[in-house]
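The structure appears below as structure tokens.
Since every read-out is calculated from the coordinates, none of them should be taken as a lab result. Quantities reported herein were computed from a predicted structural model and do not represent experimental measurements. Note: ideal-geometry Cβ built from the backbone for every residue, glycine included; neighbour counts use all protein chains shown.
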Amino acid sequence: GAVVSQHPSRVICKSGTSVKIECRSLDFQATTMFWYRQFPKKSLMLMATSNEGSKATYEQGVEKDKFLINHASLTLSTLTVTSAHPEDSSFYICSARDFRLADSGELFFGEGSRLTVL
Amino acid sequence: ELKVEQNPLFLSMQEGKNYTIYCNYSTTSDRLYWYRQDPGKSLESLFVLLSNGAVKQEGRLMASLDTKARLSTLHITAAVHDLSATYFCAGTMDSNYQLIWGAGTKLIIKP
């Protein structure tokens, strides 16, 4: 299947700092990428849909100014957690669709980024 | 609004046994997906079911879709320890294919 790479896999930061997470589609172009957040032992919560060349679409309850999303190219989307606080600690996962498999709608996931805010 | 319910949420079973995870959804879903997640890891796509009656098999796992019953099943045959993981099903009902996720089924297979 298509490969999505996410970096960093783990990050520990101090409260008040900002953290950037990158999501890359390695062997395909992704006009749309999705950012999820997962709490321990819970299902995935969609945070936002990242659209190449335009503003991201955020889900209800997700702060746009807190979680900045930039999808500057067809292979890269970034999520920046600004002024991070301990409650932002979580597992963040990006995903993308390979447009060549458009009919299936199958999502391919990055490896995930575990953020710990001290 | 599409809602997806999985059961059981937790399953502990012995190696060699068969079992089924159920995924019910509340309204029409164009597609049904099954994913696997190992502890501390991301999600791996297992199956994409596109139409009523679809059945797909990979090794000891077999997934099926009954759109009339709004039900998908993930059947495990002669379970082995390596299949221990959390399994998620997800449906979608819009052209953007935004996935609606089930709560996940944590499967533990004991030697």
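Points worth noting:
- Residues in region B:21-52 that are loosely packed, with under 13 Cβ neighbours inside 10 Å and of a type in the set (S, T, N, Q): B:THR27, B:THR28, B:SER51, B:ASN52.
- Restricting B:ALA90, B:ALA85, B:ALA63, B:ALA103 to residues that are more than 9 Å from chain A (Cβ to nearest Cβ), within 30 Å of A:ARG114 (Cα to Cα) and either within 13 Å of the chain's Cα centre (by Cα) or basic (Lys, Arg) (or both) narrows the list to B:ALA85.
- Region B:25-53, residues that are farther than 22 Å from B:LEU83 by Cβ and of a type outside the set (D, E, K, R): B:TYR25, B:SER26, B:THR27, B:THR28, B:SER29, B:LEU50, B:SER51, B:ASN52, B:GLY53
- Lone unmet requirement of (1) within 9 Å of chain B (Cβ to nearest Cβ); (2) buried (at least 22 other Cβ atoms within 10 Å of the Cβ) for A:GLU111: (2)
- Residue in region B:43-55 that is away from chain A (no Cβ under 11 Å) and closer than 30 Å to A:CYS23 by Cα present: no
- The one condition in (1) over 23 Å from A:GLN6 (Cβ atoms); (2) crowded, with 17+ Cβ neighbours inside 10 Å; (3) basic (Lys, Arg) that B:LYS110 fails to fulfil: (2)
- Residue in region A:70-108 that is surrounded by the fewest Cβ atoms within 10 Å (Cβ to Cβ), counting only those that are free of Cβ contacts under 8 Å to residues at least 24 places away in the same chain and in contact with a Lys or Arg (Cβ under 8 Å, 6 or more places away or on another chain): A:SER104
- Unique match (being surrounded by fewer than 15 Cβ atoms within 10 Å (Cβ to Cβ), at positive phi and without any contact (Cβ under 8 Å) to a residue 12 or more places away in the chain) among A:GLY61, A:GLY53, A:GLY16: A:GLY61
- Where A:ILE93 falls short, out of the listed (1) aliphatic (A, V, I, L, M); (2) assigned to a loop (DSSP other than H, G, I, E, B); (3) facing chain B (nearest Cβ under 10 Å): (2)
- Which listed residue is closer than 22 Å to A:PHE108 by Cα and crowded, with 18+ Cβ neighbours inside 10 Å, from B:VAL55, B:VAL4: B:VAL4
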